[in-house]
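To start, the structure itself, in structure tokens.
What follows draws every value from the coordinates through simple rules; no lab data is involved. What you are looking at is a predicted structure, and each value in this text was computed from that prediction instead of being measured. Cβ atoms come from the backbone with ideal geometry, glycine included; neighbour counts cover every protein chain shown.
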């Protein structure tokens, strides 16, 4: 049995954090408009939760890389 991709289990995975965030913002706008049928709203909520998890995972990965680059000590932006 083939293993799942280690990248993520998000169907139709966005190519980048920025595209995921853009899709999430559009989705939230459609849901908040109140114009979606209930079944589409539920599917939209599920997709939104998956996109949010994708974005958080990417942000965590970047934060981990910054920790390595800063030799384990986080610094506020702008501090040298």
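A convex hull fitted around the alpha carbon atoms of segment 17-69 yields 55 Å³ per residue.
Extending 7 Å from the Cα toward the beta-carbon at both residue 12 and residue 43 defines two label points whose distance is 0.8 nm. At full extension, residue 56 and residue 22 could sit 10.8 nm farther apart than now, given 0.36 nm per residue minus the alpha carbon distance.
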